[in-house]
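Okay, structure first, notes after.
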Amino acid sequence: MRLPRYDRAHLWPLLFLLPTIVGLLVFRLIPIFWSFGLSFADWQIFDTPTFAGLDNYVAIFTSPTTLRVFWVTALFTLMYVPGVVALALGLAVILNSGLRGMAFFRGAFFLPYITSTVAVTLVWRWLFSTRFGLLNTALDWIGIEENPAWLADPMFALPAVAIVSIWKDAGFFMLLLLAGLQTINYEYYEAAKVDGARPWQRFRHITVPLLSRSLFFVLIIALIRSTQTFEITYALTGGGPNGATTTLAFAIYQKAFIDFDMGLAAALSYVLCVVLGFLTLLNFHYRKRWVHE
């Protein structure tokens, strides 16, 4: 049947969207449904998949090793999220002050985010070096003789990964918060100055409430990123020592591409998805208590 000319004209937008739609199906939607089905299977990558029911999920919540992974992920989140939000907010406030050279510093603070992760971790591995690292050398100068083995001691390895992650990502969140700061009418600050408000009072009663929507968005993104950290962990510690830096995303990689247990890796992925969904919904539930519209 020959289509009317009007209807054929409406096929052109679909034709231009076709590559994106095909890419979405092939690389997003199909893998999502395939991995969900795979999470109920026992599949060592070189064998034939067999149906395993809920065995993979039971194994996740009964294995001491996997439960430790959840604990490490929670600790990393508690270090990363407050740290990166606080640093990004501080940098954004400084850059919004209108001082000279702020364009240069804006680029300099954002540069770590777009720098190669491998290059970043190579530098930080040298900084964290036990014998020749800059950090331990500085500790020697101030009289601390027993220097920590930053990347070899389970007590310090996870904070070291969190420090590098915060340093690398803060510039990205800084730009988001800086954009929010620049939407605040400066007349509010001028009125507060006339009333005798001090800088901290202006920050607390004007900046934070009017920036709360941007802060909420940054908090959600930072929370998601904290559970998906992989590159820095892989390049800096390899999940060690003794699993001290093995977070959930890194454990999924280990199960899939080192142990070749694809079914368990898929189940871990969906557990991560559910955890992130729950935390995001929780944040939206309490949003009205501190976000000012």
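Please treat every number below as a calculation from the coordinates, not as lab data. Not measured: the values here are computed from a predicted model. Here Cβ is always computed from backbone atoms with ideal geometry, including for glycine, and neighbour counts include all displayed protein chains.
One-quarter of the Cα convex hull surface for segment 167-257, in nm²? In nm², the orientation-averaged hull projection of segment 167-257 is 7.7. With neighbours defined as other Cβ atoms within 10 Å of a residue's Cβ, the residues 142, 206 order from fewest to most as 142, 206.
Summing Lys, Arg as +1 and Asp, Glu as -1, what charge do residues with Cβ under 11 Å from the Cβ of residue 267 carry, residue 267 excluded?
The answer is -2.
Distance from the Cα centroid of segment 216-293 to that of segment 52-70 is 16 Å (rounded to whole angstrom). Rounded, prolate or oblate for segment 111-161? Axes are the square roots of the Cα gyration tensor eigenvalues, ordered a ≥ b ≥ c, and the cut-off for rounded is a/c under 1.5. Note, shape of segment 111-161 comes out prolate. Of the trypsin sites (Lys or Arg not before Pro) found in segment 50-132, the ones in coil according to DSSP and having at most 11 other Cβ atoms within 10 Å of their Cβ are 100, 131. Using θ = phi - 60° in the Karplus curve 6.51 cos²θ - 1.76 cosθ + 1.60, the 3J(HN,Hα) couplings for segment 276-284 round to 5, x, 5, 5, 5, 5, 5, 5, 5 Hz; x is entered for Gly and Pro.
For segment 30-41, putting each phi into the Karplus relation 6.51 cos²θ - 1.76 cosθ + 1.60 with θ = phi - 60° gives couplings of 4, x, 4, 5, 5, 5, 5, x, 5, 5, 9, 10 Hz, in residue order, rounded to whole numbers and with x for Gly and Pro.
What are the GluC sites (Glu not before Pro) within segment 122-226 that DSSP puts in a loop, where the Cβ has at most 10 other Cβ atoms within 10 Å?
Working: sites: 145, 146, 187, 190; in loops: 145, 146.
Those satisfying the criteria are 145, 146.
Which residues make up the longest stretch of the chain clear of chymotrypsin sites (Phe, Trp or Tyr not before Pro) that lie in a DSSP loop with no more than 12 other Cβ atoms within 10 Å, not counting the sites?
On the way: sites that count: 46, 132, 186, 286.
Result, exposed sites excluded: 187-285.
Taking a cut-off of 27 Å, what percent of all Cα-Cα pairs in segment 2-130 are separated by more than that?
62 percent
Sorted largest first, the principal axis extents computed over the alpha-carbon atoms of segment 219-293 equal 47, 27, 17 Å.
Near residue 41, the amide H atoms lying under 5 Å from its own belong to 52; only residues 5 or more places off or on other chains count, and H is placed 1.01 Å from N.
Which FRET efficiency, nearest 0.05, do residue 55 and residue 284 yield, Cβ-Cβ r, R0 30 Å? All intermediate terms of the calculation are to be shown ahead of the outcome.
Numbers: r = 33 Å, r/R0 = 1.11.
Approximately 0.35, to the nearest 0.05.
Restricting the calculation to Cα atoms, every distinct pair contributes to the Kirkwood radius of the chain, found to be 22.7 Å.
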